[in-house]
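The values are calculated or read from the model by the stated rules, or taken from the named source; none is laboratory data. Everything numeric in this text was worked out from a predicted model, so none of it was measured. All Cβ positions, glycine included, derive from the backbone under ideal geometry; neighbour counts span all protein chains shown. Only protein heavy atoms, including side chains, enter the accessible area calculation; ligands, DNA and RNA are left aside. Shrake-Rupley method; radii C 1.70, N 1.55, O 1.52, S 1.80 Å.
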Amino acid sequence: MLLEIKHLEKVYRTRFSKEVTQALQDVDFKVDKGEFIAIMGESGSGKTSLLNILATLDKPSNGSVILDGKDITKIKESELASFRLRNLGFVFQDFNLLDTLTVRDNIFLPLVLDRKNYKEMESRLIGVAEKLRIDNLLNKRPFELSGGQKQRVAIARSLITNPQILLADEPTAALDYRNSEDLLNLFEDINLDGQTILMVTHSANAASHAKRVLFIKDGRIFHQIYRGNKSNSEFSKEISLSMSALLGGE
């Protein structure tokens, strides 16, 4: 087991009033190494709060997040940036690339921050760039790329650190159907290579590429389903039915 979330709670309190919002309530689940999990739920269900805590961008009010035997909620603030660089990869819907840098330098950025030498960076880049079919784009700048190409560069940047977990927040939201499918197929390939992935998404089609889907409602794990031997199309239909039940309160 790679990741264990135990009795996770998140309560937000406004500074100048007594108003309290319970974003997460007693969330429990486990993630095995090599899993590909999609997290779904309507807006305000707690998906973003959960992802922010897993990404160490926020602290829970109660509970623990155990990654490879270490409670990441207890890491000192001064050590968090280094921990993220070495253990977590991030893919966002808006790519977060720097137009002032080449594709190569955008991908190198987390390794530069981690003070890796250039020879090691180049060595890591070769395999990642070929895998993601961006080896011919390395000298371009992000503003010269399509949305699908930008997202592949963002994935390369997240994978070059060899993260324990890849966290993806609505990674297909800014892409058209063809580029979305291309990206999701890449995720499946990366997962087959052993990369653990947690992906937040609103899309049943995107979630159907995962091996397991967790549904969150009112800050709690409402339901979960496994793909097993189902095709993406069959799994997408099952996901849609589960989302309908969730939205309908069944």
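Could you count how many residues in segment 38-52 are surrounded by fewer than 23 Cβ atoms within 10 Å (Cβ to Cβ) and β-branched (Val, Ile, Thr)?
Of the residues in that region, 1 qualify.
Just the residues that are acidic (Asp, Glu) and either open to solvent by 70 Å² or more (accessible area, probe 1.4 Å) or under 17 Å from the mean Cα position of the chain (by Cα) (or both), please, taken from segment 66-85.
Hits for segment 66-85 are ASP68, GLU77, GLU79.
For segment 153-187, how many residues are open to solvent by 30 Å² or more (accessible area, probe 1.4 Å), in contact with an Asp or Glu (Cβ under 9 Å, 6 or more places away or on another chain) and under 14 Å from PHE92 (Cβ atoms)?
Adding up the residues that qualify gives 2.
Can you tell me which residue within segment 203-222, out of those that are open to solvent by 10 Å² or more (accessible area, probe 1.4 Å) and not small (Gly, Ala, Ser), is nearest to GLN151 (Cα to Cα)?
The initial filter retains those residues of segment 203-222 that are open to solvent by 10 Å² or more (accessible area, probe 1.4 Å), namely 203-205, 211-212, 217-218, 220-222.
In the following step, the residues that additionally are not small (Gly, Ala, Ser) were identified as 205, 211-212, 217-218, 220-222.
On the way: ASN205: 18, LYS211: 22, ARG212: 23, LYS217: 29, ASP218: 31, ARG220: 30, ILE221: 29, PHE222: 31 Å.
Out of the qualifying residues, it is ASN205.
Just checking, how many residues over segment 187-237 are among the acidic types (Asp, Glu) and more than 21 Å from ASP32 (Cβ to Cβ)?
Within segment 187-237, residues that are among the acidic types (Asp, Glu) and more than 21 Å from ASP32 (Cβ to Cβ) number 2.
In segment 206-250, which residue that is within 24 Å of TYR177 (Cβ to Cβ) and part of a loop (DSSP other than H, G, I, E, B) is nearest to the chain's Cα centre (by Cα)?
ALA210
Among the residues of segment 188-197 satisfying the criterion of being part of a helix (DSSP H, G or I) and not β-branched (Val, Ile, Thr), which is surrounded by the most Cβ atoms within 10 Å (Cβ to Cβ)? So that I can check it myself, show each step before the final result.
Step one: filter segment 188-197 for residues part of a helix (DSSP H, G or I), giving 188-192.
After this cut, where a residue has to be not β-branched (Val, Ile, Thr) as well, the list is 188-189, 191-192.
On the way: GLU188: 16, ASP189: 12, ASN191: 19, LEU192: 10.
Among those that are part of a helix (DSSP H, G or I) and not β-branched (Val, Ile, Thr), it is ASN191.
Modelled with pLDDT of 95 or more, out of contact with any Pro (no Cβ under 9 Å at 6 or more places or on another chain) and at positive phi - does that describe any residue in segment 35-54?
No, because not a single residue in segment 35-54 is modelled with pLDDT of 95 or more, out of contact with any Pro (no Cβ under 9 Å at 6 or more places or on another chain) and at positive phi.
Output the number of the condition that VAL200 fails; it satisfies all remaining conditions of (1) in contact with a helix residue (DSSP H, G or I) (Cβ under 9 Å, 6 or more places away or on another chain); (2) more than 20 Å from PRO110 (Cβ to Cβ); (3) open to solvent by 10 Å² or more (accessible area, probe 1.4 Å).
(3)
Across segment 86-127, which residue is modelled with the lowest pLDDT among those that are open to solvent by 30 Å² or more (accessible area, probe 1.4 Å) and of a type in the set (Gly, Ala, Ser)?
Ranking the qualifying residues of segment 86-127, first place goes to GLY127.
Does segment 118-132 contain any residue that is under 21 Å from the mean Cα position of the chain (by Cα), closer than 26 Å to PHE29 by Cα and part of a loop (DSSP other than H, G, I, E, B)?
The answer is no; no qualifying residue exists.
Quick check on my filter: what residues within segment 133-152 are outside any helix (DSSP H, G or I) and open to solvent by less than 40 Å² (accessible area, probe 1.4 Å)?
Scanning segment 133-152 gives ILE134, LEU137, LEU138, LEU145.
Can you tell me which condition ASP135 does not meet? The list is (1) under 30 Å from ASP32 (Cα atoms); (2) among the acidic types (Asp, Glu); (3) at pLDDT below 95, and all the others hold.
Failed condition: (1).
For segment 1-20, what are the residues that are open to solvent by 70 Å² or more (accessible area, probe 1.4 Å), of a type outside the set (Lys, Arg) and either under 14 Å from ASP58 (Cβ atoms) or modelled with pLDDT of 95 or more (or both)? Walk me through how you get there before you give the answer.
Step one: filter segment 1-20 for residues open to solvent by 70 Å² or more (accessible area, probe 1.4 Å), giving 1, 6-7, 12-13, 15-16, 18-20.
Narrowing further to those that are of a type outside the set (Lys, Arg): 1, 7, 12, 16, 19-20.
Passing the criteria: HIS7, TYR12.
For segment 47-81, what are the residues that are among the β-branched types (Val, Ile, Thr) and under 23 Å from ASP32 (Cβ atoms)? Quick ask: steps written out before the conclusion?
In the first step, residues of segment 47-81 are kept if they are among the β-branched types (Val, Ile, Thr); the result is 48, 53, 56, 65-66, 72-73, 75.
If the condition is that a residue be among the β-branched types (Val, Ile, Thr) and under 23 Å from ASP32 (Cβ atoms), then ILE53, THR56, VAL65, ILE66, ILE72, THR73, ILE75 are the ones that fit.
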